[in-house]
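Down below is the structure, laid out as structure tokens.
The values are calculated or read from the model by the stated rules, or taken from the named source; none is laboratory data. Quick caveat, the model's predicted, so the values are computed rather than measured. Glycine also receives a Cβ, built like all others from the backbone with ideal geometry; neighbour counts cover every protein chain displayed. The accessibility values were calculated without ligands, DNA or RNA, using every heavy atom of the protein model including side chains. Shrake-Rupley method; radii C 1.70, N 1.55, O 1.52, S 1.80 Å.
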Amino acid sequence: MKKKDDYIDLLVKFDHPDAGPFPQDKNFALQLLISEAYDFGDNYQRIPNGSLGEAIPHEKYLPDDLDELVDTYIKDVLIYQAENLPWDEEEAHEKMDALCIEDGVDEDHEDWDYTWQEHWRDFWKDYNRIPWAMYRITMTDPKWADHLKKYQEFDSAGFSTGSDYVNENVKIEVPDPSDISDYLSTERKRWEDTLDEIVEKTEDSVTKKSLRNLWKIIVGSKK
């Protein structure tokens, strides 16, 4: 949706009921960027079409493959807007049922399946109903997105093995692009200060250690 020197904004939407909540980690962000980092050669082999594809072999695309590489390419990632969450597939199905009935087609009608699938296809095209999120991915070098163009659309099978997910509606006023990393660092520091206050008031040593470990998981602290 937007591409500047130090960051790229990607609109990521559900394309399948089993997609799950939106990951908010560097590994997933890198997977998004490499989704289109390769073309097909004359013999249908995958070949790089930009700096990122040249830097990362096509065979490396799973989270475990990229774990040691993410900090080389991704500086920060932030979901600054998310809508139509949490996702409830059963509720969505019930709405499709209701639309069919509004059309005068009940479950015993011979056109039920056809009508239902028509509404279901329309559902996945409607940004007012499907879950979507805006990602701001700050890169360590602008060239890692030189293969992507504004409004380019692509599919991704990326997934996360981490624990940082967004599964509720979010809207954050993002700062100037050049300050996005400073913003994230400030937010982490604010939450860490809050945690310090909580830990100081906690007398149980096991609970203190558990809180510290939880914080490391959430922000990826190296302390």
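Counted over the stretch 94-148 with a bin width of 5 Å, the fraction of Cα pairs per bin, in whole percents, is 4, 16, 19, 12, 9, 8, 7, 6, 7, 7, 4, 1. Across every pair of non-identical alpha carbons in the stretch 33-96, the mean reciprocal distance, once inverted, gives a Kirkwood radius of 15.0 Å. Among 87, 139, 105, pick out the residue whose Cα is farthest towards the positive end of the charge dipole of the stretch 1-155, where Lys and Arg carry +1 and Asp and Glu carry -1 on C-beta, about the Cα centre. The one lying farthest along the dipole's positive direction is 139. Applying both filters, DSSP loop and at most 13 other Cβ atoms within 10 Å, to the GluC sites (Glu not before Pro) of the stretch 45-100 gives 59, 68. For the stretch 1-133: lysine pairs with Cα atoms under 28 Å, gap of 8 or more or different chains, count? Going through the stretch 1-133 pair by pair, I get 25.
Both radii come from the Cα set of the stretch 57-176: Rg as radius of gyration, Rh as Kirkwood radius; their ratio Rg/Rh reads 1.09. Modelled spin labels at residue 89 and residue 146, positioned 7 Å past Cα toward Cβ, are 4.2 nm from each other.
Ignoring ligands, DNA and RNA, what percent of the 1.4 Å accessible area of the stretch 1-157 is carbon and sulfur? The computed percentage sits at 45. Entry comment: accessible area of the stretch 1-144 is 56 Å² per residue, from protein heavy atoms only and a probe of 1.4 Å.
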